[in-house]
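The values are calculated or read from the model by the stated rules, or taken from the named source; none is laboratory data. Note that the structure is a prediction, hence the values are computed from the model and not measured. Heads up, the Cβs are rebuilt from the backbone with ideal geometry, glycines too, and the neighbour counts pull from every protein chain shown. Accessible surface areas use protein heavy atoms only, side chains included; no ligands, DNA or RNA. Shrake-Rupley method; radii C 1.70, N 1.55, O 1.52, S 1.80 Å.
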Amino acid sequence: MAFTKLSIDAAGADATRGPFPTSETDVWTIFRALRDARSVFGLRPGHIQTLQAMLSFLKPGHGETVFASNDSICKRVGGIDERTLRRHINRFVELGFIKRNDSTNRKRYRVRSSGGECISYGLSLAPLLQRASELIAIAQEMENNRRDRIFVRKQILTKLAHLEEHEPGNAFIDHVRRVLRRKLSLPEYHALLADTDAVCQSLSTPDDPAETIELPANDGQTVRHQSKSEEERKDLDSTPSTETLKPDLLISFCDQATSFSTERLRDWFDIENHARTLAPMMGIHPETFEKAKNSVGPQKAACAIFIMLQLGKRIRDFGAYFHSITLGKRRDQFDPLALVMRMSENNKRTG
């Protein structure tokens, strides 16, 4: 084996100390930093255990070189074989954390001259100690990254719970939960949070479609628009009419829904079947549609599909709106007849 260049310390009171830290705590701070950042350097737990054993042989004030034999180190690690120890030491040498200072007979010891000069033969940990600031910075960065990943993950889980409350059975929720089973990087977590935010924003759709009508360009009409919106909200929040919506009226008014039918719609049975077909096209899960039928009845659920499609761009998210008027807190105020009549009157005024 080729001999490495020996390090000869200058004479003096601190000649044997080298760059060794002034306190034992400093050594273990560096060790913990490398332990936490071991994945960056491709180190396994076995490497860290070997390094821990080697550090335990250092004595404060006696330099940074390990003089213990391989057999002593193996025993302190826990009984690993010498071949494994050499492999671990070679890895630390490759990474620049350990420097070999070999004697001619491979023994590890220290010799001094009468003038105080010292030559240490052994495993020098000086390179490791000299890189203390680098290792501590890497470990801190990894810890910050870990905490940030946990923080963003919790945000995602909170928003998923909100989505489940408003849209049970949403396919997006199942997709995100499957993704979260993997170990993601911080950018991947941020991207997933952005996607979840976008879906949550779509749930902020107003429950009353009349309020989503664009304001007139003339500022002087603002007061009249607000008064009109208040009246329309009162209409929706009032007790539902005792009259029933006739199939012919719904079919004739909601031409957007009927345009997707290949056959003529005649009665509520045809309307319900067509609404069941339209629901998935609008992002409404079939299970959600069935729950709405059980909640408000098949006619109201079908009317909701037809009316929403007629409103078109006035509704930002069909799924959230459908849930709010059939399964949410406004299901008792949803009156299809009153809503169709009001929309018809608005069309006559704007026409």
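Could we say that L249 is open to solvent by 50 Å² or more (accessible area, probe 1.4 Å) and either aliphatic (A, V, I, L, M) or in contact with a Leu (Cβ under 8 Å, 6 or more places away or on another chain) (or both) here? When the stated conditions are applied, L249 passes them.
Does any residue of segment 66-81 turn out to be part of a loop (DSSP other than H, G, I, E, B), charged (D, E, K, R), over 18 Å from F41 (Cβ atoms) and without any contact (Cβ under 8 Å) to a residue 60 or more places away in the chain? Within segment 66-81 (the criterion being part of a loop (DSSP other than H, G, I, E, B), charged (D, E, K, R), over 18 Å from F41 (Cβ atoms) and without any contact (Cβ under 8 Å) to a residue 60 or more places away in the chain), the answer is yes, since at least one residue qualifies.
Could you check segment 82-106 and list, in sequence order, the residues that are outside any loop (DSSP other than H, G, I, E, B) and of a type in the set (K, R)? Full working, then the answer.
Start the filter on segment 82-106 by keeping residues that are outside any loop (DSSP other than H, G, I, E, B), which leaves 82-95, 99-101.
Listed by number, the residues that qualify are R83, R86, R87, R91, K99, R100.
Quick check on segment 61-76: of everything there that is over 17 Å from V27 (Cβ atoms) and among the polar types (S, T, N, Q), which residue is least open to solvent (accessible area, probe 1.4 Å)? I'd like the intermediate steps shown before the answer.
Residues of segment 61-76 that are over 17 Å from V27 (Cβ atoms), as a first pass: 69-72, 74-75.
Imposing the further condition that a residue be among the polar types (S, T, N, Q) reduces the set to 69-70, 72.
Values: S69: 57, N70: 29, S72: 49 Å².
Looking at residues that are over 17 Å from V27 (Cβ atoms) and among the polar types (S, T, N, Q), I get N70.
How do the helices (runs of 4 or more DSSP H) wholly within segment 110-205 filter down when requiring 1 or more residues that are closer than 30 Å to M54 by Cβ: which remain?
Correct list: 126-130, 132-166.
Taken together, the residues in segment 77-99 that are closer than 20 Å to I30 by Cα and either surrounded by 14 or more Cβ atoms within 10 Å (Cβ to Cβ) or not small (G, A, S) (or both) amount to 12. When segment 44-67 is filtered for residues that are of a type in the set (A, V, I, L, M) and at pLDDT 90 or above, the ones remaining, listed by number, are I48, L51, A53, M54, L55, V66.
Take F41 and decide whether it is open to solvent by less than 10 Å² (accessible area, probe 1.4 Å), hydrophobic (A, V, I, L, M, F, W, C) and at pLDDT 90 or above. Give the steps one after another, and end with the answer.
Numbers: open to solvent by less than 10 Å² (accessible area, probe 1.4 Å): no; hydrophobic (A, V, I, L, M, F, W, C): yes; at pLDDT 90 or above: yes.
In short, no.
Does R342 meet the test of being out of contact with any Lys or Arg (no Cβ under 8 Å at 6 or more places or on another chain), over 27 Å from H162 (Cα atoms), of a type in the set (K, R) and open to solvent by 70 Å² or more (accessible area, probe 1.4 Å)? So R342 does not fit the description; no.
Across segment 109-140, the number of residues qualifying as under 30 Å from D36 (Cα atoms), open to solvent by 50 Å² or more (accessible area, probe 1.4 Å) and of a type outside the set (V, I, T) comes to 6.
Between E232, E188, E143, which is over 24 Å from E287 (Cβ atoms) and modelled with pLDDT under 85?
Details: E188 fails: modelled with pLDDT under 85; E143 fails: modelled with pLDDT under 85.
Exactly one of E232, E188, E143 is over 24 Å from E287 (Cβ atoms) and modelled with pLDDT under 85, namely E232.
Restricted to segment 32-91, and to residues there that are touching a Phe, Trp or Tyr at 6+ places or on another chain (Cβ under 8 Å) and charged (D, E, K, R), the residue that is nearest to A137 (Cα to Cα) is E64.
When segment 276-332 is examined, which residues are found to be hydroxyl-bearing (S, T, Y) and free of Cβ contacts under 8 Å to residues at least 60 places away in the same chain? The answer is T277, S295, T326. Within segment 29-49, the set of residues being touching a residue at least 24 places away in the same chain (Cβ under 8 Å) and among the aliphatic types (A, V, I, L, M) comprises I30, A33, L34, A37, V40, L43.
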